[in-house]
2 protein chains.
Amino acid sequence: MSPEITSVQMFGIKTPIIKSGDDIVQILEASLQEACLVPVDGDIFVLAESAIGTAENRIVNLASITPGKKALFLGEKYGIDPREMELVLQECDELFGGVPGAALTITKGILSPNAGIDASNAPDGHVVLLPRDPRKSSENIRKRLEKRYSCRLGVIIGDSRTQPLRLGCTGIALGVSGFIPVEDARGSFDIYGKPLRLTYKAAADNLVSAAEILMGEAGERVPCVLIRGAPVKMVDESPEMPTISMEGCMYFGNIIKCRKEDSEKGDQ
Amino acid sequence: MSPEITSVQMFGIKTPIIKSGDDIVQILEASLQEACLVPVDGDIFVLAESAIGTAENRIVNLASITPGKKALFLGEKYGIDPREMELVLQECDELFGGVPGAALTITKGILSPNAGIDASNAPDGHVVLLPRDPRKSSENIRKRLEKRYSCRLGVIIGDSRTQPLRLGCTGIALGVSGFIPVEDARGSFDIYGKPLRLTYKAAADNLVSAAEILMGEAGERVPCVLIRGAPVKMVDESPEMPTISMEGCMYFGNIIKCRKEDSEKGDQ
């Protein structure tokens with residue numbers, strides 16, 4: 001391999017099943033040792049939200065939940081267990097509507113089906129809520145790992161999402177620590193020296209999608225992927241995930257306007 | 001490193017600037033040799049659509065385009081050069097609406113702002129259209145590379161997309177050859193042995209997002225990333241990219257229904 005070539009390596013870190021109350025950093029340390037891997041400067045850890053939520057005691061026994069009127073109505077409407085629907089309503093900031101099996105919400109500032117509640121990878125009759133504060137969790141994990149391995153690291157808590165009109169899940173970052181999650185390429189130029197038009201690169205989301213190649217939810221027990229060599233900008237803080245407004249969003253802005261016009265024309 | 005650990009390696013392949021009419025396979029061969037990289041069984045090549053479009057003579061001089069009435073109207077409405085808007089109308093299958101700078105279309109079966117037309121990475125006053133048939137292009141490139149290196153390979157032609165309410169671009173596969181682009185995990189089980197709820201994994205989109213970590217549009221001239229060790233299912237064909245209907249889409253289905261209900265209630 002030529003010395004100038006850019007390259008990135010990713011390692012899937014197998015762990016025991018994460019249980020409620022586990023210390024995720026201790027588990028990672030043991031699993032890294034098992035894998036004979038020693039973190040180095042600039043390594044990024046991508047962690048599955050379900051593992052972090054579980055360790056943080058965010059598992060809920062559905063039998064303990066009594067759905068209210070609204071949850072009964074919406075659960076029926078969207079084909080979701082009314083007890084889970086009750087949790088969705090408690091967890092989300094905003095609910096838009098739904099398709100069968102998925103109520104579309106904004107939760108912790110991020111577009112999330114069913115408030116990010118995960119019925120897979122939880123014991124029977126239980127669900128896992130999102131980590132209470134993914135950014136804070138990623139920061140705590142990063143600080144402890146950095147101390148343990150004496151190097152600068154990044155941590156992402158990631159989740160799965162579908163994309164519009166697309167079959168299958170890709171990755172999305174819920175919270176990050178230790179690096180810049182969205183790169184601003186304003187002021188950069190294309191190969192012909194012209195200013196770039198697409199000016200932001202979703203570095204953190206790309207890293208989660210990359211990790212999903214190795215993660216697999218199907219019982220492989222790989223809740224962590226270590227990414228080495230990614231050209232991200234390391235910082236000693238935990239930046240907020242930047243979002244855009246509904247009006248500025250290509251998908252929502254369009255459809256909202258589009259439908260509004262339709263209804264004004266009386267087309268429906 | 002433990003021998004059982006799963007790992008993936010990615011290499012950014014630097015090339016000269018791709019010009020109209022270039023033979024992309026010859027360029028890749030020379031660039032791989034330069035990088036001292038020899039493809040092996042199961043390697044996946046992710047190629048930027050702008051490079052492929054350019055090589056396939058899909059560069060258009062905007063001065064040669066006379067916008068029609070519709071293009072003049074919509075160009076004004078969405079703040080897009082009317083000549084580019086004319087090309088958007090010619091290229092797309094369907095146009096939904098737009099936000100400033102982006103008309104939302106379905107083009108070659110895929111949701112694409114501005115019909116995927118790329119004004120960056122084209123000479124001044126020119127734009128690059130999407131490859132005419134990304135699936136066919138990826139197949140041709142794969143077959144020639146497989147013959148040259150005597151191994152089974154995968155090829156993806158990838159593009160950049162924003163995600164709903166999210167700042168920054170991630171990857172999307174326009175066409176693939178040599179492997180299964182969306183993995184169907186129906187029949188798989190979670191870590192507790194329960195059937196999985198999220199049953200599809202967008203392997204090809206994840207690979208493009210992973211490649212974007214190294215690709216960079218900002219003049220780095222890395223239009224190709226070679227991904228080694230990805231656990232994808234290789235096939236000697238070029239599967240269509242599966243899509244979902246607007247009604248079944250969490251984003252469009254929701255918003256369409258939501259707006260319909262709003263307008264029925266007379267809320268707007």
Can you work out which of the residues in the stretch A:136-186 that are among the hydroxyl-bearing types (Ser, Thr, Tyr) and not in a helix (DSSP H, G or I) is nearest to B:Pro181 (Cα to Cα)?
A:Thr170
Entirely in the stretch B:1-101, the helices (runs of 4 or more DSSP H) that have 2 or more residues that are farther than 19 Å from B:Val127 by Cβ and not polar (S, T, N, Q):
B:24-34, B:69-78
Has the stretch A:61-77 got at least one residue that is touching a strand residue (DSSP E or B) at 6+ places or on another chain (Cβ under 6 Å) and modelled with pLDDT under 95?
no
Looking at B:Ala102, is it within 12 Å of chain A (Cβ to nearest Cβ) and either under 21 Å from B:Ser160 (Cα atoms) or open to solvent by less than 30 Å² (accessible area, probe 1.4 Å) (or both)?
yes
Just to check your reading of the model, which residue among B:Asp41, B:Asp93 is within 25 Å of B:Leu111 (Cβ to Cβ), open to solvent by 30 Å² or more (accessible area, probe 1.4 Å) and among the acidic types (Asp, Glu)?
B:Asp93
With modelled with pLDDT under 95 and in contact with a Gly (Cβ under 7 Å, 6 or more places away or on another chain) as the only criterion, which of B:Asp267, B:Asp190 stands out?
B:Asp190
Sort through A:Cys151, A:Cys169 and tell me the only one that's crowded, with 18+ Cβ neighbours inside 10 Å and assigned by the TED database to the domain that holds A:Met234.
A:Cys169
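Residue-wise test of (1) at pLDDT below 95; (2) away from chain B (no Cβ under 13 Å).
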position: A:Ser2; (1), (2): yes, no
position: A:Ile17; (1), (2): yes, no
position: A:Val25; (1), (2): no, yes
position: A:Gln33; (1), (2): no, no
position: A:Leu37; (1), (2): no, no
position: A:Asp41; (1), (2): no, yes
Among the candidates A:Ala30, A:Ala63, single out the residue that is surrounded by fewer than 17 Cβ atoms within 10 Å (Cβ to Cβ) and not assigned by the TED database to the domain that holds A:Phe179.
A:Ala63
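For the subset of the stretch B:88-99 comprising residues that are farther than 12 Å from B:Leu74 by Cβ and more than 19 Å from the chain's Cα centre (by Cα), which member is farthest from the other protein chains (Cβ to nearest Cβ)?
Here the residue is B:Gln90.
The values are calculated or read from the model by the stated rules, or taken from the named source; none is laboratory data. The shown structure was predicted, so the numbers you read here are calculated from the model rather than taken from an experiment. Note that each Cβ is placed from the backbone with ideal geometry, even for glycine, and that neighbours are counted across all protein chains shown. Accessible surface areas use protein heavy atoms only, side chains included; no ligands, DNA or RNA. Shrake-Rupley method; radii C 1.70, N 1.55, O 1.52, S 1.80 Å.
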